[in-house]
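> Once you've had a glance at the structure underneath, I'll fire off some questions.
Coordinate-derived values only; no laboratory data. Every value quoted in this text rests on a predicted model; they were computed, and no experiment measured them. Counting neighbours? That spans all protein chains shown, and the Cβs are built from the backbone with ideal geometry, glycine included.
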Amino acid sequence: MFTTIRPSVRPSILFIFLISWLLTGCAAQASSENWPGLTANGPTVYVAYGPAVIAYDAVTQQSQWVFRPENRALHINAAPSVQDGRVIFGDYGAAGGMFSPTIIVSVYGLQENGTPNPTTLWTNNTAATDKVIAGPLQVGDTVYVGTADNHLSALDANTGAEKWRFNTSGPVWATPTYHEGVLYLTCLDKRVYALDANTGSQLWQTELGGAISAQAIVNPAEKLVYVGAYDNALHALDMETGGERWRTEATNWIWSAPALVDDVLYFADSSAQVFAINATSGEKLWQVAINQMNEAGGVANRIEIKGAIQASPVVADGMVYIAAEGNEATEEGLLVALNAETGAEIWQRTTRAPLFTTPVIVDDMIVVAMNSELAVLAAYDRATGNPKWSYVPVLD
């Protein structure tokens, strides 16, 4: 049985916390009631899906390797971090057994070696005592891991040893952002933190009007940090002081990071609205609603949907790709391509399950991850939206 947890349009923070604990498994295949984490590196996509992390060549459509921890009760859903063949990720934790009921959460460091079995470099069981929801960030020989137990850990990427720890007032659900020795960290405690990447010392913090699950995006040319929050706004903060320069109102909560391309910011909210704004001033360039889709079965008539958007936009070659929840009634997701200059729809495709994960681009394909017994990964032609392939792993 495969099921997917959907975010409501305006859930309470308590409801969000409860969602993250609800994880179950299937015996024959990987299953998770959360959505998969997805990363791309060249032709290879890495998907954290239930009890496994899978490396899959999107061009040759061949599985490269599968990693499963010994404890088959574990679930892994945070996007893996990949650098120089080193793959780092964390799990959601599981009880150690009947005689060890304490929840053990692990962070793993693997090294790809060209075989179906990557080398395990290290496992750290002390960096977190609650779920790793955020994808880690590797910078040189350090990996930064945000945790649901209210801190950010800096680990040695080669050994897993902890270098320093920074405590927050709430869970960290977003990958930190690095720029020239500074980490920009967002948190569900409504704060944005700037930290010295070498020591973890706080440089500044700014509190916004809502919790933040979106990664910060930096614009060095304008000395701005962009952060979307659950206060229905995208905020532009001064990189050096954290002071707010301007804000642009959305129509609902902003779950995900914006995309910055050619001085334009593209972002979406949980009311299925997509925005393009000037990255310098915050001036709105266009706004469109992704709230219609074709009926099941390929019927051309469109139907109104809620279509909450939790994934970040992906922008390339004059097109903006949006992955959305789609139709609650039929449990089908929606992938839409928009004209980056005007917001006009170029194409849309229905997917086999709701989409909550940010897609990735590989060559001429846009690749999505979903929680479905019919497909965990699916690729579509970037120009036309035509399906190219789908893949579901079968795990022992």
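> Please compute the modelled spin-label separation between N117 and S281, points set 7 Å along Cα→Cβ, answer in nm with one decimal.
So the two model labels end up 6.2 nm from each other.
> What are the residues whose amide H is under 5 Å from the amide H of M293, where those residues sit 5 or more places off or on another chain and H is modelled from the backbone?
Long-range HN contacts for M293: I303, I305.
> Structure shown: which of K190/K223; K131/K388; K131/K306; K306/K388; K131/K284 lie over 25 Å apart, alpha-carbon to alpha-carbon?
Long pairs (Cα-Cα over 25 Å): K131/K388; K131/K306; K306/K388; K131/K284.
> A383: net charge of surrounding residues, Cβ under 13 Å, Lys/Arg +1, Asp/Glu -1, itself excluded?
Cβ neighbours under 13 Å give a net charge of -1.
> Ordered by packing density, taken as the mean number of other Cβ atoms within 10 Å over each peptide's residues, highest first, how do 143-151, 209-217 rank?
143-151, 209-217
> Please compute the contact order of the stretch 103-195 in relative form: average sequence separation of alpha-carbon pairs under 8 Å and at least six residues apart, divided by the residue count, as a percent. All intermediate terms of the calculation are to be shown ahead of the outcome.
Working: 217 pairs, mean separation 18.3, N = 93.
20 percent.
> If you don't mind, there's one more thing I want to ask. Using a simple spin-label model with points 7 Å from Cα along the Cα→Cβ vector, what separation in nm is obtained for K223 and S201?
If labels sit at K223 and S201, their model points lie 2.1 nm apart.
> Rounded to the nearest angstrom and ordered from largest down, what semi-axes does the equivalent ellipsoid of the chain get from its C-alpha gyration tensor (root of 5λ)?
Values for the chain, descending: 29, 27, 19 Å.
> Please give me the summed charge of the neighbours of A40: other residues whose Cβ is under 13 Å from its Cβ, Lys and Arg +1, Asp and Glu -1. Before the final figure, lay out the partial values.
Working: positive: none; negative: D57, D363.
Result for the local shell: -2.
> Just to confirm a number: summing +1 for Lys and Arg and -1 for Asp and Glu over residues other than V139 whose beta-carbon lies under 14 angstrom from that of V139, what do you get?
-3
> Now, a different point. If each DSSP helix of 4+ residues adds -39,500 (n - 2.57) and the sum is divided by the residues in the chain, what number results at 222 nm, nearest 500 deg cm²/dmol?
-500 deg cm²/dmol
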